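Here is the structure we will look at.
Rule-based calculations on the coordinates, nothing more; no lab input. Nothing here was measured: the structure is a model prediction, and the numbers come from that model. Counting neighbours? That spans all protein chains shown, and the Cβs are built from the backbone with ideal geometry, glycine included.
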Amino acid sequence: MPDKSIEQTVKELMVERLFLKITPEQIGDETEIMEELGVDSVSVFEIVVGLEETFGISFGDDEFKIETFRTPKSIADYVRRKLEGKQG
Amino acid sequence: MIPRDEPFYFKSNSRRLFGTWQGTDGPARATLLFCHPFGEEKKSSHRAFVETARALAAESVASLRFDLTGCGDSEGEFDQASLTFWRADIAAAWGELSRRAGAASRALLGLRLGATLAADALDQLERVSALVLWQPIVEGKEELDAELRRLLIQEMMTHGRSSAERSDLMAAFERGERELELDGYPITLSLYRETGALRLAERRACFPQRTGILQFARRNPRIEAFAKLEPPIEARVVEMPPIWARTDYITGPADGRRLAQEGVLPWLT
Amino acid sequence: MADLKPERPVSFDCDRLRLAGMLGEPTDPARAAGAVALIHGWAGYRIGPHRMFVHAARRLNEAGFHTLRFDLRGRGDSEGDGPTVGLDEMIADAVAAAEFLKSTTGASRIVLAGLCSGANVAIGAATLRHDVKELALWSVLPFQPEAGAAQRARRARHYLRQYLLKALQWRSWKRLLRGESSLRGAARAMAGEAVPMREGRNLKDSARNLMEAFGAWRGRALFITGALDPEGMAGREVFEPFCRARKIPARFQLVEGATHSYYAPAHEREVIETTLDWLQTKEP
């Protein structure tokens, strides 16, 4: 899967799961999702479940760090690391 | 013109429970008991039940919604609650529904844990013509695990990172070294264990022939797998956000009509 | 302690809509101290988060107060079309609730207590009822005209405390500080209106200038805020200097470690006991 599509997939997942009234294209890679989209803990949980289902990865409890969920790019970077860890 | 709903208290053993009866204009052709979900999910979904009840009343279906012990406007505190109490509460509410139903059929609906509890109480209820399960919790333990995760995420949002892993959190909880509260609702160890032991599949033999499942927004793999067990249960999806989880979604009459049409009536008629 | 009398379900009308509520009586009628109406937040209903309003009402009843927990129109068990209800309608409901409390209990001392936007509703209602001279405001938000800049800045500072500073790119800082977090206005709300609108009007805004009206109000107010609540702290940052400038007697109380809805039982208790203590004293 090309790298770019992970960011796009994350944005699409967010729009779908959080019922955002914007398109994925309106979300930048560096959009601060908590400040700018009002994402709360319920929403982050939805994102986590969505990422796990979509990418087949699993968040460890010690991996819930706020930096991970800051932007679509930071989320995508985390997913990439997890996928590389699975393949390695 | 549907009549205004009637609030009242009724007894479950010695406890006073709060209920609201929604009647119909003319005789009801069916009646329905609503069983609400756990903790703060009840607050989020309350209006959805109200709007659905009003929409159903327009279709000549009367209903009773009520608050379990320690919840809503009922007596007791949440940390006094137990599944034993809650099963008895559902039975008592069913008695109230039956008293008012007359010749009309009686159906049972639950949302999330309310669905699982409704199924769990079936063997105590008479003449259940239909069972409607909205986003039921299939395995209690899995759901509690998910709630613990959400708690850790909440801590992360507040403090930057979560304080512990689930296993450490649970170990401390079981040793009595820390309390567990979910969205401000204190969870006792006994309630945690009882809820964790719930398995929807164990009640399947009691399900009436007319049983249906409603999922919100998308198909849930766990629920879908449960629905496909023999004999299969019809599982629909309504294009609506999870009404129990929204902190800012305002449910209106149109939602109630939709939930009535897609989430109740198909199994009542 | 005398046994608590159960609250009784009541209803009253506003704009030809029936509003539902629960009326609580003082445990000891001889100690009657006044009446408190509890106003819930935007998407809530009369029980409040984690039944906070149920607990508050019971505690107030023990202390001699009548209480009314009620559902704003379009919420809880009240009539009304929820998605179309705005701040001004909620204010009208709160005014009606105060009137209902007064006429039902005979109390001359009417207090409005509100949580989150319910606190804003309480302020709006108090400016329309000269007999409401006390406001208990829990996690009050800035009113909409003041909200944008204050909340954006506060929210950014809250999360920046959690991030490693170096993780936040300078361009993001600049964007946030300039108030260019424009997506929030378009995308806020997980499902439903981005900013709840009706016929071009922001439902969370008022047709009146409520800050000006509040500035002319003559009463005393208690502001309680959770220290870890960016939205509530934004409210405090607006109201504290405002009350000082307009000489409104006000106490500002911070609940350490508390979030917006005071989830921890200890925090909920602190809010309720602080409010009760304030009601039982004459000082701001």
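Quick notes on this structure:
- Computed FRET value (nearest 0.05) for B:Thr188 with C:Leu254, which takes r as the C-beta separation and R₀ as 25 Å: 0.25
- Candidates B:Val138, B:Val61, B:Val237, ranked by Gaussian network fluctuation over chain B, Cα under 10 Å, top entry: B:Val237
- Label sites at B:Thr84 and A:Glu16, each approximated as a point 7 angstrom past Cα along Cα to Cβ, lie 4.6 nm apart.
- Expected 222 nm ellipticity per residue - DSSP helices of 4 or more, -39500 (n - 2.57), all of chain A, to 500: -17500 deg cm²/dmol
- Over the stretch C:3-103, relative contact order from alpha-carbon pairs under 8 Å, at least 6 apart, %: 31 percent
- Put simply, the C-alpha atoms of chain B give a gyration tensor, and the ellipsoid matching it has half-axes of 30, 20, 18 Å, longest first.
- At an R0 of 22 angstrom, the distance between the Cβ atoms of B:Leu265 and B:Lys228 translates into a FRET efficiency of 0.40.
- Comparing A:Asp77, A:Asp61, A:Asp40 in a Gaussian network model of chain A where C-alpha atoms under 10 Å apart are linked, the largest mean-square fluctuation is found at A:Asp61.
- Which of A:Asp62, C:Asp93 has the fewest Cβ neighbours within 10 Å, and the rest in rising order: A:Asp62, C:Asp93
- Efficiency of FRET between C:Phe242 and B:Val237 - r from beta-carbon atoms, R0 41 angstrom, step 0.05: 0.25
- For C:Met52, B:Met240, order by how many other beta-carbon atoms lie within 10 Å, fewest first: B:Met240, C:Met52
- Most mobile listed residue (B:Arg149, B:Arg175, B:Arg222) in chain B, GNM with C-alpha springs under 10 Å: B:Arg175
- Of all DSSP beta bridges confined to the protein assembly as shown, the antiparallel ones make up roughly 35%.
- Exposure proxy ranking, count of Cβ atoms within 10 Å, fewest first, for B:Trp134, C:Trp138, B:Trp86: B:Trp86, B:Trp134, C:Trp138
- In sequence order, the stretch A:6-21 has phi-based couplings of 5, 4, 5, 4, 4, 5, 5, 4, 5, 4, 6, 7, 9, 6, 6, 8 Hz under the Karplus curve 6.51 cos²θ - 1.76 cosθ + 1.60, θ = phi - 60°, and Gly or Pro positions carry x.
- Ignoring lysines fewer than eight residues from B:Lys228 along the same chain, the ones with Cα atoms less than 22 angstrom from its Cα are B:Lys141.
- Each residue of the protein assembly as shown gets 158 Å³ once the volume of the Cα convex hull is shared out per residue.
- Spin-label pair A:Lys86/B:Ala58, simplified geometry with 7 Å Cα→Cβ offset, distance in nm: 4.6 nm
- With 22 Å as the limit, the listed pairs C:Lys102/C:Lys204; B:Lys43/C:Lys133; A:Lys21/C:Lys204; A:Lys11/A:Lys82; C:Lys102/C:Lys247 have C:Lys102/C:Lys204; B:Lys43/C:Lys133; C:Lys102/C:Lys247 beyond it between alpha carbons.
- For the stretch A:4-87, Kirkwood radius (reciprocal of mean inverse C-alpha pair distance, Å): 12.7 Å
- Computed helical MRE - 222 nm, chain B, DSSP H runs ≥ 4 contributing -39500 (n - 2.57), nearest 500: -12000 deg cm²/dmol
- Legend: mean number of C-beta atoms from other chains within 10 angstrom of residue C-beta atoms, peptide B:177-185, equals 4.
- Within chain B, DSSP assigns beta bridges of which about 35% are antiparallel (rounded to the nearest 5).
- Average beta carbon contacts from partner chains per residue of B:35-41, 10 Å cutoff: 1
- Two-site label geometry, B:Glu142 and B:Glu177: point separation in nm, points 7 Å out along Cα→Cβ: 3.1 nm
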